[in-house]
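J.: My questions will all concern the structure given below.
The values are calculated or read from the model by the stated rules, or taken from the named source; none is laboratory data. Bear in mind the structure is a predicted one, so any value in this text is a computation, not a measurement. Counting neighbours? That spans all protein chains shown, and the Cβs are built from the backbone with ideal geometry, glycine included.
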Amino acid sequence: MDELKNEVTTQDVDPEVSVPTEPQTQTGDALTQGVMHERDMKKETKKQDVMKILGKIGVYLFLSVMAFIVVFPFLWMIATSLKHLSEYYDSNLDLVLFPGGPRDFHNFAEVFTETDLGRYFINTLIVGVASTFMSLIITVLSAFALSRLKFKGQNAFFAGLLATMMIPGELFTITNYKTVADLGWTNQFGDGGWFNAFLTLTLPFLVSVFYIYLLKQNFMQIPNELYLAAKVDGTTDLKYLWKVMIPLALPTLISITILKMMGAWNTYMWPKLTTTNQDFYLITIGLREAFSSADNQQPDIPLQMAAVTLVSIPLFLVFIFLRKYIMRGVSRSGIKG
Amino acid sequence: MKVELRNLTKVFPSRDKKSGKDVTAVNNFTFEIPDGKLVGLLGPSGCGKSTTLYMISGLQQPTSGKIFFGEEDVTELAPENRGIGLVFQNYALYPHMTVQQNILFPLQNLRGKDKMTKEAMLERAYEAAKLVQIDELMDRKPSELSGGQQQRVAIARALVKMPRVLLLDEPLSNLDARLRLQTREEIRRIQKETGITTVFVTHDQEEAMSISDVIVVMKLGVVQQTGKPQEIYDNPTNLFVAKFLGTPPINVFKGRVENERLYIGENAVLDVKGVKDGNVTAAIRPEGFVLDENGPLVCELSNVEIMGRDVSIVSRHSESLNPTIRSIIDADNRIDATAEGVRFTLKPHKVFLFDAESEERLYFEV
């Protein structure tokens, strides 16, 4: 929560800056009456301190409200995951974690017996890691070609790439589906089934024009002299890419990796549309489907929340450790994660 | 290793498609850089001096002409095979590597029979670092170094391969005035110690004059004059060279020659034997003026700046092509700063005459 703290410090500087305008207007009188001058200063200092404290209280109040709004869904999720179904129907807005009502961790144990959460988890991990890795290779090489190499039609090619960004991604869904279906990849049963599912889930999203653009701009900020120096030092283009450009663009690459991973973790519509074999469900569909299919069509919400809590843990960990990069990446790319 | 440039020409194709005019950055440059000397390529920006340097390095290919290192034609050779070290204006250190990694980098790229063991590389890197006195800073990142230190790292990186030719592109322009003085002496020392043939590019004439064995003055891609710094200063071949060298700059007057006498305004100021009658441009070095109550050059006194060792007199004259005339005289001379006018006689060897049209030097007997 570094960002919150930052906000606090910048906010509480403000009163300090705004207050001194008052004593300044009085300096004319104060200078002629030396003693008054000193007394005024003391008063002003006191006033300044009070304002500072009031400002701080205001800021913290505001932040507390905002923090509550952000934390509320998570709190509800955890509280609900601890409840039995009966208690959930009695008081589903009860946010207290333990006292009253039958509460324990049985939902968490049940998640693994009732559903195939582990499998979905692994599916998601495989798809996420593989597509991120392949996507990174494609992004790095394209950005390198577009920024460092010179070839005919380079600008036209890049403009063409950018133009595809004008089309909303949802519009591709139907064409993509048709392509995938025509290739027979929606047949996900039998021997090659897993591979078809894998291709379906990864291949359509390997090229991200936006990431290429982001990295290309980053590469172009690297001074040309470094390239010339490396040439004199006897490196090949590929070695220069590996030894100089990639390390220098590492923050951007980490941002891209994180955003891509988050995307893979969150994606819902495409896998829902194309995954025909339940064995290859990703975690998002798993969470949605697994708990509602029972006898009465009503989802077991506490159970579902327990599963969601479990799924969120890795994301929490990732966020805590890579917070700096995620915030930087999100603010840099101007898109939400 | 002497470096020979033969009729070197570089033409850049025009970016402006309509006019289609190509830009000739370097025009027919022929010069031999003697072995083990420090040569300064001097000229205003856009005169082709950096392009020349890049062609010697191999980063740019000449449009025509040849480059020889010793007897070997290297015109077509790739930069990494020429055995050069290059220091860039902004140093071009790899920002993500430590000083040591930066210096090691050229060695790690050696292939085939030149390949070195890790220990040998480290030893060489330390040798190079010692030479430029940065062996204490090996674990720092470039961003943690001062400009002067970064400069030394760049030189160490260029030297570590033991290049045959060291090329420096405006090596001092990013340093502050004091550091510049210090670093240029340093470069001189390193060059003397290693004995590597060195070419360095600068637009600062003082810098070039102070450390070069030979300077080459360029203008718009054409070599104007080459020679030892003092020779060029004492004997410029044209007005451009006369104006470009020297601080404070040379004073330029409109003048005419009649009966082998130089007239500036109404008065004959100097005997110039051997010059034909006609309009000329007269250039006078600041130290070429002598205070004389009856002197023929009558100027309007603006102010007097006392600089300790000598006195700088700022004055005006209707025929001067510069707004003010700056003359430097010994501080022993007493001058009344409140006087209206000041009169000078001229030292003949500090006065250069140039044809008013062609700006070429007109020689007279001193």
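J.: Kindly evaluate A:Ile222 against the criterion of being over 12 Å from A:Thr274 (Cα atoms), crowded, with 17+ Cβ neighbours inside 10 Å, of a type in the set (Val, Ile, Thr) and away from every other protein chain (no Cβ under 14 Å). Give the steps one after another, and end with the answer.
T.: Working: over 12 Å from A:Thr274 (Cα atoms): yes; crowded, with 17+ Cβ neighbours inside 10 Å: yes; of a type in the set (Val, Ile, Thr): yes; away from every other protein chain (no Cβ under 14 Å): no.
For A:Ile222, the condition - over 12 Å from A:Thr274 (Cα atoms), crowded, with 17+ Cβ neighbours inside 10 Å, of a type in the set (Val, Ile, Thr) and away from every other protein chain (no Cβ under 14 Å) - is not met.
Results for (1) modelled with pLDDT under 90; (2) within 25 Å of the chain's Cα centre (by Cα), shown as yes or no for each residue.
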site: A:Glu3; (1), (2): yes, yes
site: A:Glu7; (1), (2): yes, yes
site: A:Asp29; (1), (2): yes, no
site: A:Val35; (1), (2): yes, no
site: A:Glu38; (1), (2): yes, no
site: A:Met41; (1), (2): yes, no
site: A:Glu44; (1), (2): yes, no
site: A:Val59; (1), (2): no, no
site: A:Ile78; (1), (2): yes, yes
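J.: Exactly one condition in (1) away from chain B (no Cβ under 14 Å); (2) touching a helix residue (DSSP H, G or I) at 6+ places or on another chain (Cβ under 8 Å) is false for A:Pro299; which is it?
T.: For A:Pro299, the exception is condition (2).
J.: Moving to a separate point now. Every residue in segment A:143-161 that is surrounded by 13 or more Cβ atoms within 10 Å (Cβ to Cβ) and outside any loop (DSSP other than H, G, I, E, B), please.
T.: Quick first cut of segment A:143-161, residues surrounded by 13 or more Cβ atoms within 10 Å (Cβ to Cβ) only: A:143-148, A:154, A:157-158, A:161.
Correct list: A:Ala143, A:Phe144, A:Ala145, A:Leu146, A:Ser147, A:Gln154, A:Phe157, A:Phe158, A:Leu161.
J.: Still on this structure, I have one more. So B:Pro62 ticks every box in (1) out of contact with any Gly (no Cβ under 6 Å at 6 or more places or on another chain); (2) modelled with pLDDT under 90 but one. Which box is left unticked?
T.: (2)
J.: Looking at (1) in a helix (DSSP H, G or I); (2) at pLDDT 90 or above, which is the only condition B:Thr183 fails?
T.: The failed condition is (2).
J.: If I ask for residues that are more than 25 Å from the chain's Cα centre (by Cα) and under 23 Å from B:Gly112 (Cβ atoms), which ones from segment B:54-74 would you list?
T.: Selection gives B:Glu72, B:Asp73, B:Val74.
J.: Looking at A:Leu238, A:Leu310, which is the one that is within 13 Å of chain B (Cβ to nearest Cβ) and on the phi < 0 side of the Ramachandran plot? Don't jump to the end; show me each part of the working.
T.: Numbers: A:Leu310 fails: within 13 Å of chain B (Cβ to nearest Cβ).
Only one candidate qualifies: A:Leu238.
J.: Could I ask something else about it? If we keep just the residues of segment A:202-219 that are closer than 17 Å to A:Ala159 by Cα and aromatic (Phe, Trp, Tyr), which is nearest to the other protein chains (Cβ to nearest Cβ)? Steps first, please.
T.: Within segment A:202-219, the subset closer than 17 Å to A:Ala159 by Cα is A:207-217.
This time we only want the ones that are aromatic (Phe, Trp, Tyr), so: A:210-211, A:213.
Working: A:Phe210: 25, A:Tyr211: 21, A:Tyr213: 23 Å.
Out of the qualifying residues, it is A:Tyr211.
J.: Then there's this: Exactly one condition in (1) closer than 23 Å to B:Gln150 by Cβ; (2) crowded, with 20+ Cβ neighbours inside 10 Å is false for B:Phe69; which is it?
T.: That leaves (1) as the condition not met.
Rundown of residues vs (1) surrounded by 22 or more Cβ atoms within 10 Å (Cβ to Cβ); (2) among the charged types (D, E, K, R), yes/no style:
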| residue | (1), (2) |
| --- | --- |
| B:Arg15 | no, yes |
| B:Asn28 | no, no |
| B:Leu41 | yes, no |
| B:Ser64 | no, no |
| B:Ala78 | no, no |
| B:Asn81 | no, no |
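J.: Follow-up. Need a quick list: helices (runs of 4 or more DSSP H) entirely within segment B:80-163 having at least 2 residues that are in contact (Cβ under 8 Å) with a residue 12 or more places away in the chain, out of contact with any strand residue (DSSP E or B) (no Cβ under 6 Å at 6 or more places or on another chain) and at the interface with chain A (Cβ under 9 Å from one of its Cβ atoms). Steps first, please.
T.: Numbers: elements: B:99-108, B:118-131, B:147-159.
It comes to B:99-108.
J.: Here's something else I'd like to know. Considering segment B:102-145 alone, what residues qualify as being on the phi > 0 side of the Ramachandran plot and of a type in the set (Lys, Arg)?
T.: So the first thing to find is which residues in segment B:102-145 are on the phi > 0 side of the Ramachandran plot, and the list is B:112, B:133.
The answer is none; no residue qualifies.
J.: Something else: Hey, among the residues in segment A:162-196 that are buried (at least 16 other Cβ atoms within 10 Å of the Cβ) and of a type in the set (Ser, Thr, Tyr), which one's farthest from A:Gln217 (Cα to Cα)? Explain how you work it out, then say what you get.
T.: We begin by selecting, within segment A:162-196, every residue buried (at least 16 other Cβ atoms within 10 Å of the Cβ); these are A:176-177, A:180, A:185-186, A:188, A:193-194, A:196.
Restricting the remaining residues to those that are of a type in the set (Ser, Thr, Tyr) gives A:177, A:186.
Working: A:Tyr177: 32, A:Thr186: 37 Å.
Top of the filtered list is A:Thr186.
J.: Could you check, for segment B:333-341, whether at least one of its residues is over 18 Å from B:Pro236 (Cβ atoms) and in contact with a Gly (Cβ under 8 Å, 6 or more places away or on another chain)?
T.: Residues of segment B:333-341 that are over 18 Å from B:Pro236 (Cβ atoms), as a first pass: B:333-341.
Filter once more, so that each one left must be in contact with a Gly (Cβ under 8 Å, 6 or more places away or on another chain): none.
Taking every residue of segment B:333-341 in turn, none turns out to be over 18 Å from B:Pro236 (Cβ atoms) and in contact with a Gly (Cβ under 8 Å, 6 or more places away or on another chain).
J.: Now a separate question. Within 28 Å of the chain's Cα centre (by Cα), in the same structural domain as B:Asp169 (by TED's automatic domain parsing) and of a type in the set (A, V, I, L, M, F, W, C): does that describe B:Leu93?
T.: Numbers: within 28 Å of the chain's Cα centre (by Cα): yes; in the same structural domain as B:Asp169 (by TED's automatic domain parsing): yes; of a type in the set (A, V, I, L, M, F, W, C): yes.
Considered against the rule, which asks whether it is within 28 Å of the chain's Cα centre (by Cα), in the same structural domain as B:Asp169 (by TED's automatic domain parsing) and of a type in the set (A, V, I, L, M, F, W, C), B:Leu93 comes out as yes.
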